[in-house]
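Trainee: Take a look at this one; I'll ask things after.
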Amino acid sequence: MVNVIGLGYIGLPTALMLASHGVEVVGTDKNEMLVNQLKKHQVTFTETGLEELFNQAVSNGICFTNEYQQADIYIVAVPTPFHKEDKKLDSKYLVSATKSILEVCKKDAVIIIESTISPRTIDKYIRPLVDLHGFTLGKDIHLAHAPERLLPGKMIDELVYNPRTIGADSKEIGQLVKKLYQSFCKGDILLTDIKSAEMSKVIENTYRDINIAFANELAKICRRDEMDVYEIIRLANMHPRVNILQPGPGVGGHCISVDPWFLVGDYPDLTNLILTARKINDSMPKHVLGRIRVMMKEHGLKDITRIGLYGMTYKENVDDIRESPTMKLLSVMDNHLAFGVKAYDPFIVSRLVDNQYFDFDRFLSDIDILVVMVGHDHLLDHVDKIKDKLILDTRHVLDQEGIYQL
Ligand code: SAJ
């Protein structure tokens, strides 16, 4: 039996996927409300194909509980935030989950960490716990790291088709874990050691963060000298070995904007490029504010309550607001006592900020400047409604005349 610990954005789809492929699965989460919702067979976030997968898993007998189980294999998918002060990984959830596992597990159990962790996290925080609980590592308890690689919005598809990396202390355990993932994963599964698996996952996201920072820096350079950054990136990307990503209002989500900090925290003297990239991406909400200021000046507008931010999530077509550039922009404005900017997101159904709208038409009728922070399909389906608005398109998704860009 497999006990999946942490039923959030990664743990839930993984648990459902295993169960719907015939593996006996119990999902455990400390959040009682969440477990109650899952017990009623309700999905806890929006994701393409998640409901269908849920139904299949339920008919195959998946269970949800607050209790840790006595299982053969544990998959740990708890959050791994970083400490705000020194940027090092905060292992508190990982440590408490592992302790709870070690209190109930039997000999020969395999603990697979899926959460993204900085290199040597397992050495520093997990291995000592195994000893403390009186187990012998590699004999009584086995550890592995199988970092996830799921892109929100395409999670289910990517769970099946993405290649994976599995780090383990021995070939046997590596093979055993590989076999488990092969129950649903059609991508290649590469085996390596634990530290390499930890590091490779963190640098995948760091690579993307740096590439986006480059695009964002280009956007600022092009703005100063009136060049079209999108056209320039398009032209440069014609080169077979160049692939520059797109500028935007900032990098959000719980992955790309978080993982590079682990490296900065652990190797402060060696991470100049990585730190600079983080700073550039974090500066983008401020750049957006500067662009709004220019628009207001050019059009003689003074009332900031007539500005509307479209999109509050960290990217298009998901309902996830973690580290979202829109939320950061609103907090920058709040810090400058600039209250009253309006916000709307078709994916957000509960109130998160003041002046938030739940009706698109009312939102539009109460604003003069529309700032597109997220390019949801919803907006593209309603372009006819925004034709007469003054628009700042930070995502380059609209092709109307007279639109302001980054
Ligand atoms: N973004 C840009 N410009 C771009 C691409 C993205 O500004 O050209 C922004 C997005 O708007 C968003 C942020 O970057 O705010 C991150 O979005 P994303 O779609 O690039 O990635 P995530 O955070 O949703 O998922 C990433 C993925 N990692 C990589 O692509 C290397 C995913 O495969 C990982 O599984 C996930 O992080 C994770 O869990 O680590």
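Trainee: Spelling out what I want: for every residue of segment 258-265, take phi, set θ = phi - 60°, compute 6.51 cos²θ - 1.76 cosθ + 1.60 (Karplus), and round to whole Hz; glycine and proline get x.
Mentor: Taking θ as phi minus 60°, the curve returns 10, 4, x, 5, 4, 5, 4, x Hz for segment 258-265.
Trainee: Could you list, in their original order, any pairs among 124/154; 87/195; 40/87; 220/315 whose Cα atoms are separated by more than 28 Å?
Mentor: Values: 124/154 33 Å; 87/195 19 Å; 40/87 38 Å; 220/315 21 Å.
Over 28 Å apart, Cα to Cα: 124/154; 40/87.
Trainee: Binning at 20 angstrom from zero up to the longest distance, how are the C-alpha pair distances of the chain distributed in percent?
Mentor: 25, 52, 22, 1
Trainee: Order these peptides, 78-89, 369-380, 200-211, by their mean beta-carbon neighbour count within 10 angstrom, highest first.
Mentor: Put in order of decreasing packing, that is 369-380, 200-211, 78-89.
Trainee: Quick one: helix 194-224 against the long Cα principal axis of the chain, what's the angle to the nearest 10°, folded into 0 to 90?
Mentor: Long axis of 194-224 versus the principal axis of the chain: about 0 degrees.
Trainee: Also, quick follow-up: Of all accessible surface on the chain at a 1.4 Å probe, what whole percent is carbon and sulfur? Don't skip to the answer; put the middle values down first.
Mentor: On the way: 9880 of 19070 Å².
Using a 1.4 Å probe with all protein chains present, the chain comes out at 52 percent carbon and sulfur.
Trainee: At 0.36 nm per residue, minus the direct Cα-Cα distance, what do residue 136 and residue 32 gain on full extension? Give it in nm, one decimal, please. Can you show the working numbers first?
Mentor: Details: separation 104, 0.36 × 104 = 37.44 nm, distance 3.30 nm.
Fully extending the segment from residue 136 to residue 32 adds 34.1 nm.
Trainee: Order these peptides, 232-238, 318-324, by their mean beta-carbon neighbour count within 10 angstrom, highest first. Display every interim value, and only then the final one.
Mentor: Values: 232-238: 12.7, 318-324: 19.4.
Per-residue Cβ counts within 10 Å, averaged per peptide and sorted highest first, yield 318-324, 232-238.
Trainee: Here's a follow-up. I need the chymotrypsin sites (Phe, Trp or Tyr not before Pro) found in segment 9-80, filtered to DSSP loop residues with at most 15 other beta carbons within 10 Å of theirs. Before the final figure, lay out the partial values.
Mentor: Details: sites: 9, 45, 54, 64, 68, 74; in loops: 9, 45, 68.
For chymotrypsin sites (Phe, Trp or Tyr not before Pro) across segment 9-80 that sit outside H, G, I, E and B with at most 15 neighbouring Cβ atoms in 10 Å, the list reads 45.
Trainee: Return one whole number: the accessible area per residue of the chain in Å², for a 1.4 Å probe. Write out the running numbers ahead of the final one.
Mentor: On the way: 19070 Å² over 406 residues.
Accessible area per residue: 47 Å².
Trainee: If the label point is 7 Å along Cα→Cβ of residue 366, which residues in segment 304-331 have backbone nitrogen under 13 Å from it?
Mentor: Answer for this model: 305-309.
Trainee: Calculate, for residue 303 and residue 207, the FRET efficiency according to 1/(1 + (r/R0)^6) with r their C-beta to C-beta distance and R0 45 Å; round to the nearest 0.05.
Mentor: On the way: r = 42 Å, r/R0 = 0.94.
It comes to 0.60.
Trainee: Averaged across orientations, what area in nm² does the convex hull of the alpha carbons in segment 2-192 project?
Mentor: 10.3 nm²
The values are calculated or read from the model by the stated rules, or taken from the named source; none is laboratory data. Everything quoted here is computed from the prediction, not taken from an experiment. Reconstructed Cβ throughout: ideal geometry from the backbone, glycine too, with neighbour counts over all protein chains shown. In case anyone asks, the SASA skips ligands and DNA or RNA and just uses the protein heavy atoms, side chains included. Shrake-Rupley method; radii C 1.70, N 1.55, O 1.52, S 1.80 Å.
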